1. Per 10 Å bin, what percent of the C-alpha pairs of the range 548-611 does each bin hold, from zero upward?
2. Where Lys and Arg each count +1 and Asp and Glu each count -1, what net charge lies around Pro582 among other residues with Cβ under 15 Å from its Cβ?
3. Could you work out how far apart the two model spin labels at Ala615 and Ser76 are, taking each label as a point 7 Å from the Cα in the direction of the beta carbon, and quote it in nm?
4. Send over the Kirkwood Rh of the range 440-506, from the inverse of the averaged 1/r over different Cα pairs, rounded to one decimal Å.
5. Order by neighbour count: Lys514, Lys629, Lys358, fewest other Cβ atoms within 10 Å first, most last.
6. Ratio of alpha-carbon Rg to the 2.2 N^0.38 Å globular estimate for the range 636-724, to two decimals, please.
7. What is the ratio of the Cα radius of gyration of the range 380-690 to 2.2 N^0.38 Å, where N is its residue count, to two decimals?
8. Quick one: grab the alpha carbon gyration tensor of the range 556-663, order the square roots of its eigenvalues as a ≥ b ≥ c, and give me rounded if a/c is under 1.5, else prolate or oblate depending on whether a/b is larger than b/c.
Amino acid sequence: MATKPDKMKNMKTWLKDFDLTITDVFGIILRTLKLLVNFMAIIIFLIGLFGAGVGFGYIASLFDNVKVPESSALVSQITELSRISKVVYSDNSLISEVSSDLLRVPVDGAAISDNVKHAVIATEDETFESHNGVVPKAVIRAALGSVGLGSSSGGSTLTQQLVKQQLVGDAPTFTRKANEIVSALALERNMSKEDILTTYLNVSPFGRNNQGKNIAGVEEAAQGIFGKSAADLTVPQAAFIAGLPQSPIVYSPYSSDGTFKSDENMAFGIARQKDVLYNMHRAGYLRQDEYETYLAYDIKQDFKAPNPVTADTKDYLYYAVMNEAEKVMYDYLIKRDHVSEHDLKNDATVEAYQNLAKQELSQGGYTITSTVDKNLYSTLQGVVANYGATLDYGAGLVETGSVVLDNQTGAILGFIGGRDYANNQNNHALDTKRSPGSTIKPFLVYGVAIDQGLMGSASILSNYPTTFYDGTPIMHGASRGTGMMTLQSALNASANIPAFWTYKLLQEKGVDVKSYMDKMNYDIAMYNIESLPLGGGAETTVVGNTNAYQTLANGGAYNKNYIVEKITAHDGKVIYQHETKPVQVYSKEAASIMNYLMRGVLASGETSTFKGRLAVLNPTAASKDLVGKTGTSNDTADVWLMVSSPRITIGTWAGHDDNTGMDFLTGYNNNAAYMAYLVSTLHDANPSLFDGQFALADGVIASSVLASTGQAPGTTQYNGRSYSVSGAMTTSYWAKNGAPVTSYNFMVGGTNSDRARAWNTLFPPKSSSSSKSKSSSSEEESEEEDDTETEASE
């Protein structure tokens, strides 16, 4: 058994072997104890808040789900610089390269001044040379922050920042942070410190140059801000550039148009530069006298003079495709990164992924294939250029927007965004919302009523004079109303009172009109506005309105409009492919009856001279089966014409951006002439777009009805008296149920007095037998060439 002196001798020998002293041992023990105490404090804190093991279990589970990246693929992704993306037509011919004013000139590490390297290390990652990719205490801080104990941001190493920029993005979620940490550790095992630092300096954003263009990479920053290479940057210049990546746009001396910022806004970047100089001094890269000298230096004198370049050669088409592509890419990235619904409640996360989507599209080398037919689109632009002036009526230029939808898919085959993009960038086809006027009647009012079996194609509606609840007369141009009207006549004349009463009927029957509109993504804020069936209180885009008519033309099946067919990565992988998902809104029977009625609207010419003008321009095109509807809002501020063939639906709007009214007959004449040119030209370019014939669906019920009542003949009881109802017959098409036997309330809508007048027209009181000559046909007068809606005062 060893004695105490022997033990001491053995310990001294052991310490000597490891070149340690007793003091060293005590130091190690104390540091170990401190680490254990800190560690246990964290454990106790987590246990106290979440229960045993929950805190670390949550963190461990996140890391457990992270896949360690393959070495060569990781390095390739980290060092890969931006690629040019492009937008193409449906035939893959080029529309445009994706705008990316991100200028970058990568350079070797030897071509970068040590001043910049020192400034970046001192400011962003002082322990860069010694860590293995992450700093443990920063990881713990981030972990605690992710479960609500402090901040989860900050403390990222240069390696982590590089991974964030090139691989995982900067969304404030711990799942993303876990990926960042694992990838940073792997990257340090596969790249040298010098290569990591050089790559960081080549890929990082540095704000704007003196032309207002976004710049990335230290060489482009040096050239764009100071007019010299990165190898020649002075300490003050290097300090300014090193401070930019933290907030490039804020710290940049230039605005988006390339001009100098105000002194107040430029002060942020200069203050940041002074912070970097202090960091360099603290880290030992600058002596005290050097620090003081550089701190007093006026860096503004070194900035390059502004040289703005603001020309934009893109147009409506490019921005329309990119707008949808960014939404598609956002959804793809959210799914790719498994971002939870909880994370998406954080606005910062949403904004981060929106920015990442834009960056991916502008720099990722993607091919964005649109649905737009090149020839058709070119034809439409020719129409607006050559015939747009047809819309003008002597009070200035009238704007317009048109959309052509494929009925079976919802694909946007082409559109007209406006008269001239250079003078007006509002996309009047896809973005601008306007009152739909009477174009709302077929799908909001009559289509729903027919679908519910509440009326047939030959139903009789009230057009007797009436008022809104507040006593305001419901007008139709200068007319306050006439008498009874067939549904076809009401549509042909676009009469307001019949639509008003039909919508009242839907409300009385408890029909969920909103569910119809929701299925078509047709947004209406309030459904209890009295003038809604006339277009009052509703606003829509041309593409939204056209989509509703596409639904009717497509057998009642809605196909959401879209303009991006697919997105393909640079390696050929298709990351997005549109899938058509039809939603049945109306029955096939109801949709086919509405098309039957709207064929009559265009043929009648009561609210538009379109069909007659088309027959003169292009008899072949005019012979095609076309259905549609007009619309005009108050004071003729908006005029519409919707036209469908079995294959496509075309929607056209015209008006002023400031909502001022136009000449009363702008819709009847000007827009009709313009649309005739458009349809004629499209037909000549591709006649097959107008092939086919609208037919009544197999399930449509053809009821034999009285022309005077729209209901079947027979015997009915009223007020204790039996009436035998008969007369001239016609066919009425019903989506279901079929026509009922004529009753006292055969007319849709009207007051009690109106219904009595209507009944007495058929069965005049015996005391008034001398006045029997008044026929139902005289009750069906309509105001020709008048499609103006009157909105209620809400």
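1. Calculated over all Cα pairs of the range 548-611, the distribution is 19, 29, 25, 16, 9, 2 percent.
2. Here the charged neighbours net out to +2.
3. With each label placed 7 Å out from Cα toward Cβ, I get 6.6 nm.
4. On the way: mean 1/r = 0.0835 Å⁻¹.
Taking every pair of different Cα atoms in the range 440-506, averaging 1/r and inverting gives 12.0 Å.
5. Ordered from fewest to most neighbouring Cβ atoms within 10 Å, Lys514, Lys629, Lys358 come out as Lys514, Lys358, Lys629.
6. It is 1.82.
7. For the range 380-690, the normalised Cα radius of gyration comes out at 0.97.
8. Taking the square roots of the gyration eigenvalues as a ≥ b ≥ c, the range 556-663 is prolate.
FYI, it's all coordinate maths here, none of it is from the lab. Keep in mind it's a predicted model, so treat the numbers as computed, not measured. Reconstructed Cβ throughout: ideal geometry from the backbone, glycine too, with neighbour counts over all protein chains shown.
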